[in-house]
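To start, the structure itself, in structure tokens.
Just so it is clear, none of the values below were taken in a lab; they were calculated from the coordinates. Not measured: the values here are computed from a predicted model. Glycine gets a Cβ as well: all are built from the backbone with ideal geometry, and neighbour counts include every protein chain shown.
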Amino acid sequence: MTPDRAAMLHAWVGAQIDAVRLRSREDILRRQERLWRRLQTVVAQTPALATYADRPLNAFPIFTPAQARADFAGWNTLGLAEDLARAAAQDAECGQEGGLPDGLTAGFSTGSSGVQGLFLASPRERAAYVGHALARLLPQSAPLKRWRIALCLRADNALYRDVGGAGRVAFDFIGLNVPGGERRARLDAFRPHVLIAPSHVLADLAHRIEAPPGWPLRRLFYAAEPMGEGERAWIADRLGMRPDPIYQATEGFLGAPCRLGVLHLNEDVLIVEREPVAGTDRFRPIVTDLRRTSQPVVRLRLDDLLEPVVTCACGSPFQAVRGVEGRMDDLWRWGCRFVPPRAVEEAMVAALGPQREWRVTASASRILIEVGSGAAEAATATVATLLNEVGVVLPVQVAGPPIQDGPKRRRVRWSDDR
């Protein structure tokens with residue numbers, strides 16, 4: 001399937017122009033209102049949303065991704081049956097064309113919440129995604145410049161393969177099932193200008209590299225998992241470049257880093273409302289995508305836990321956050337007492353060092369620390385201090401080093417007692 005390079009270039013140019021024009025919150029709000037009015041035709045064609053068409057956004061209910069997953073037919077504008085879309089997504093997992101009409105493609109999310117999301121994208125939407133992503137992630141470079149981009153994620157799909165058709169771009173997808181030594185060898189041979197990978201993959205590379213590897217890296221990004229500042233600095237030292245965050249989900253391309261490495265939400269194409277998380281200064285994002293038409297995203301409340309940055313020195317008017325801290329299910333909570341995942345991450349890395357692998361799971365009745373030999377005492381003392389700060393007394397158990405039990409690394413967890 002040949003990607004639409006003209007549409008990619010149009011999206012890239014548009015994003016560059018918007019970066020110049022949108023200088024204030026008022027500019028952003030005016031643009032969002034204009035795009036929201038334009039989206040009403042799509043809303044009217046979406047069975048789950050049609051009764052709300054032409055109303056203000058705040059008149060719409062707040063939905064969850066689970067609701068959208070449970071009513072696939074109601075949340076697409078194409079009348080596409082779920083079984084056909086799932087079959088096409090399964091074909092895409094194997095690198096095959098899915099056979100959907102008019103160049104439509106389907107894919108699966110990582111499924112870290114326990115259920116894989118199913119997403120659709122038309123050729124136009126894929127071109128808009130690629131052009132916008134290149135403009136946000138590589139803002140100083142034209143899309144026709146030669147790039148070698150390596151992407152390490154769970155599964156390939158047409159959305160990512162279209163990047164390889166964006167101008168003079170060589171693209172290498174390396175699945176998470178590729179062993180670490182082979183992954184390192186492939187990257188050495190490919191010599192990427194851009195590397196995008198989950199935090200645990202970059203940490204694995206850092207363990208295997210004693211000094212910067214000599215790749216002609218221009219940008220290094222982490223996605224899919226949180227990364228604390230201590231680990232970020234360690235990886236930067238090993239790989240020779242600071243890893244910056246990307247906020248990408250089934251619901252779309254949600255955020256990109258500025259030149260200072262601070263994550264900003266993509267409010268040129270999204271409306272992101274904040275739902276405060278009680279007892280903390282964090283919030284959950286309620287996302288409306290102002291461009292998606294095949295499978296609209298309107299007021300979807302995500303499970304991500306975000307901490308706002310009041311101002312960013314880069315000067316961007318887009319909302320800034322301290323990366324994606326984790327999911328709501330990762331927040332430690334005992335009644336009105338909370339410990340955010342970032343507090344656990346920072347304390348553990350300060351005590352154990354950024355290169356150490358660990359995992360801490362809290363519940364109403366106990367704390368379980370998984371860590372290698374030689375670090376149990378320091379880890380136990382660190383967790384005890386965190387609990388003491390919020391006035392919680394619980395037994396602490398220690399087990400051996402953690403074994404990654406899913407496609408995403410989750411170092412800080414909450415477990416409901418059964």
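How much FRET efficiency would the formula 1/(1 + (r/R0)^6) give for residue 346 and residue 403, where r is the Cβ-Cβ distance and R0 is 25 Å, rounded to 0.05? Once rounded, the FRET efficiency stands at 0.60. Ranked by how many other Cβ atoms sit within 10 Å of their own Cβ, fewest first, the residues 361, 51 fall in the order 51, 361. Length gained on full extension, residue 59 to residue 329: 94.4 nm, using 0.36 nm per residue less the C-alpha separation. Taking every DSSP helix (H) stretch of at least 4 residues in the chain, weighting each as -39,500 (n - 2.57) and dividing the sum by the residue count yields a mean residue ellipticity at 222 nm of -9500 deg cm²/dmol. In angstrom, the C-alpha Rg and Dmax of the chain are 21.6, 62. Translational D (Stokes-Einstein, µm²/s) of segment 331-414 at 25 °C and 0.890 mPa s when Rh comes from the Kirkwood sum over C-alpha pairs? Stokes-Einstein gives a translational diffusion coefficient of 191 µm²/s.
So if each residue of separation counts as 0.36 nm, and I subtract the Cα-Cα distance between residue 394 and residue 229, what length gain in nm does that give? List each step's numbers first, then the result.
Values: separation 165, 0.36 × 165 = 59.40 nm, distance 2.79 nm.
Fully extending the segment from residue 394 to residue 229 adds 56.6 nm.
Modelled spin-label separation between residue 241 and residue 185, with each label point placed 7 Å from Cα along the Cα-to-Cβ direction: 2.4 nm. In terms of other Cβ atoms within 10 Å, 195, 386 run from fewest to most in the order 386, 195. When 109, 363 are sorted by how many other C-beta atoms sit within 10 angstrom of their C-beta, beginning with the fewest, the order is 363, 109. For the peptides 266-272, 405-411, residues were scored by their other Cβ atoms within 10 Å and the scores averaged per peptide; the highest-first order is 266-272, 405-411.
On the beta carbon distance between residue 273 and residue 377, with R0 = 41 Å, the FRET formula returns roughly 0.40. Farthest towards the positive end of the charge dipole of the chain, among the residues 132, 180, 74, is the Cα of 132, using unit charges on the Cβ of Lys, Arg, Asp and Glu. Name the most mobile residue of 208, 126, 148, meaning the one with the largest mean-square fluctuation, in a Gaussian network model of the chain with Cα contacts below 10 Å. Residue with maximal mean-square fluctuation among 208, 126, 148: 208. If you average the alpha carbon positions of segment 168-235 and of segment 301-368, how far apart do those two centres end up, in angstrom? First find each Cα centre; the distance between them is then 23 Å. Rounded to the nearest 20 debye, the dipole size of segment 225-348 about its Cα centre is 160 debye, using +1 on the Cβ of Lys and Arg and -1 on the Cβ of Asp and Glu.
Segment residue 24..residue 50, full-extension length gain: 6.1 nm, with 0.36 nm per residue of separation and the alpha-carbon distance subtracted.
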